[in-house]
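The values are calculated or read from the model by the stated rules, or taken from the named source; none is laboratory data. This one's a predicted model, so the numbers in the text were calculated from it and none came from an experiment. Cβ placement follows ideal geometry from the backbone for every residue including glycine, while neighbour counts extend to all protein chains displayed. In case anyone asks, the SASA skips ligands and DNA or RNA and just uses the protein heavy atoms, side chains included. Shrake-Rupley method; radii C 1.70, N 1.55, O 1.52, S 1.80 Å.
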Amino acid sequence: LLIAGTGNKSGKTTLACMIIERFRETGISAIKITPHFHETTPGLLLLSEEPGYSVYLETEAGTDKDTSRMLRAGASKVFFAKVRDHDLVAAFRAIMKHIPEGMAVVCESPALRYYIEPGAFFIMNSDSAHNTKDISRLQVFPHVMLHLDDLARIDSVPVRFENGHWIS
């Protein structure tokens, strides 16, 4: 399951956490991919590093980081990747080596949608999104569009996980 958004604070991680909480009994894994190479924070265990990317396992659930929030929501494992655009697929493959086939996966990465066909693709929108991104190219793909305000009004997201596949 892949989540994109119109910018920072659009609800991507909030949606990811809702999905993780709902499917925690499946042993769901979470992935957060960013093109920003900022300083690595405590709690991230380096798993793999190449010139164009670094992949980490989140080990700290007690912070306000998005990856920590995913752990608290019930993800069995949370991966974080700092990736240059042209190394996105290689980084994703490096992460998937650590996730058993057929396991539920929720991933925050708009750009990954250009390379994979997820079982479900969500686009989050918010009027107060910071660093607003043009997602018009992503909207040509089949998707479910949700607004940040919608998340407060719904009990569950319109998705199922059956036989190792997401179905929206």
Condition met for Glu101 (in contact (Cβ under 8 Å) with a residue 24 or more places away in the chain and farther than 16 Å from Lys32 by Cβ): yes
Taking the range 127-147 and the residues there that are in contact with a Ser or Thr (Cβ under 7 Å, 6 or more places away or on another chain) and open to solvent by 50 Å² or more (accessible area, probe 1.4 Å), the one that is farthest from Gly102 (Cα to Cα) would be Thr132
Picking from Thr67, Thr26, the residue that is among the β-branched types (Val, Ile, Thr), farther than 18 Å from Gly164 by Cα and in contact (Cβ under 8 Å) with a residue 12 or more places away in the chain would be Thr67
One residue is enough: does the range 104-112 have a residue meeting the conditions modelled with pLDDT under 85 and either open to solvent by less than 40 Å² (accessible area, probe 1.4 Å) or under 12 Å from Leu15 (Cβ atoms) (or both)? no
Note on Glu117: of the conditions (1) under 25 Å from Asn163 (Cβ atoms); (2) crowded, with 19+ Cβ neighbours inside 10 Å, unmet is (2)
Closer than 18 Å to Asn8 by Cβ, among the polar types (S, T, N, Q) and in contact with a Lys or Arg (Cβ under 7 Å, 6 or more places away or on another chain), is that true of Thr67? yes
Filter the range 101-144 down to residues that are under 12 Å from the mean Cα position of the chain (by Cα) and more than 20 Å from Asp66 (Cβ to Cβ), then give me how many there are. 0
